[in-house]
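Each reported figure results from applying straightforward, stated rules to the coordinates on display, with no laboratory input. Since the model is a prediction, treat every value here as computed from it, not as a measurement. Don't worry about glycine lacking a Cβ; one is built from the backbone with ideal geometry, like all the others, and counts go over all protein chains shown.
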Amino acid sequence: MNKKFGIREVVAIGIGTALFVVLTTVAIPIGIPNTQLQPRMAVLAFLSAVFGPLCGAVIGILGHALGDAIFYGSVWWSWVFPEAIVGIGIGMFAQKFAVQEGGFTGTKPIVLFNVVQVAANAVAWILLAPVLDIVVYAEPANKVFIQGVFAWLGNVIIIGVLGTLLLVAYSKVAGKSSSLKKED
């Protein structure tokens with residue numbers, strides 16, 4: 001886990017939150033009420049994998065809450081906190097992914113990233129979001145668990161494809177730039 005928190009992380013939170021909010025408007029309906037494929041999840045996964053769990057949590061909470069407030073007029077908190085869980089879950093493995101060092105180009109880190117994101121999304125969307133929907137909003141269990149399973153599936157696909165592509169591309173560039181040394 002990245003224990004250093006500095007200006008890069010603050011900038012990542014600002015940019016990540018802004019991108020997350022803007023991408024709130026990009027949603028592909030999947031036939032389940034209030035559940036869509038959302039590319040913003042790839043941004044959350046990317047920044048969590050690069051900058052760690054704290055950045056992922058803050059981007060998930062702020063991005064989702066602001067996106068809901070701006071575009072829908074109210075915040076659905078039972079779906080805000082699961083975003084933070086996804087960010088934390090992926091971010092906890094940031095060092096293992098070695099994205100900034102150029103190490104995210106092999107099969108092992110890509111498989112690890114996708115196993116982690118599938119598990120983090122399962123905890124967030126199959127467990128936490130439906131339970132919070134029932135406890136906080138008194139939503140019917142059958143409805144919210146169906147929404148949760150489809151949100152999980154959609155996020156797994158979006159992050160598995162777009163998130164992985166972003167991380168591979170960034171890792172290739174970051175790996176080359178980190179090998180530059182100052183000449184004497």
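Points worth noting:
- Enclosed volume per residue, in Å³, of the convex hull spanned by Cα atoms of the chain: 111
- Extents of region 91-184, largest first, come to 67, 22, 16 Å (Cα atoms, principal axes, whole angstrom).
- Residues with amide H under 5 Å from that of GLN36, placed H, sequence gap 5 or more: none
- Whole-Hz ³J(HN,Hα) from phi, Karplus 6.51 cos²θ - 1.76 cosθ + 1.60, for region 145-158, glycine and proline x: 6, 5, 4, x, 5, 6, 5, 4, 4, x, 5, 4, 5, 4
- 3J(HN,Hα) along region 96-108, derived from phi through the Karplus expression 6.51 cos²θ - 1.76 cosθ + 1.60 where θ = phi - 60°, amounts to 5, 6, 6, 5, 5, 8, x, x, 9, 10, x, 5, 4 Hz, with x in place of Gly and Pro.
- Relative to the longest principal axis of the Cα atoms of the chain, the long axis of helix 40-51 lies at roughly 40 degrees.
- Dividing the mean sequence gap of close Cα pairs (under 8 Å, 6+ apart) by how many residues the chain holds gives a relative contact order of 25 percent.
- Ordering of 35-41, 54-60, 105-111 by packing [mean C-beta count within 10 Å, highest first]: 54-60, 35-41, 105-111
- For PHE93, PHE104, the sequence from fewest to most other C-beta atoms within 10 Å is PHE93, PHE104.
- Dipole moment magnitude, nearest 20 debye, the chain about Cα centre, only Lys, Arg, Asp, Glu C-beta charged: 520
- Note on VAL161/GLU101: beta-carbon distance plugged into 1/(1 + (r/R0)^6) with R0 of 25 Å gives a FRET efficiency of 0.60.
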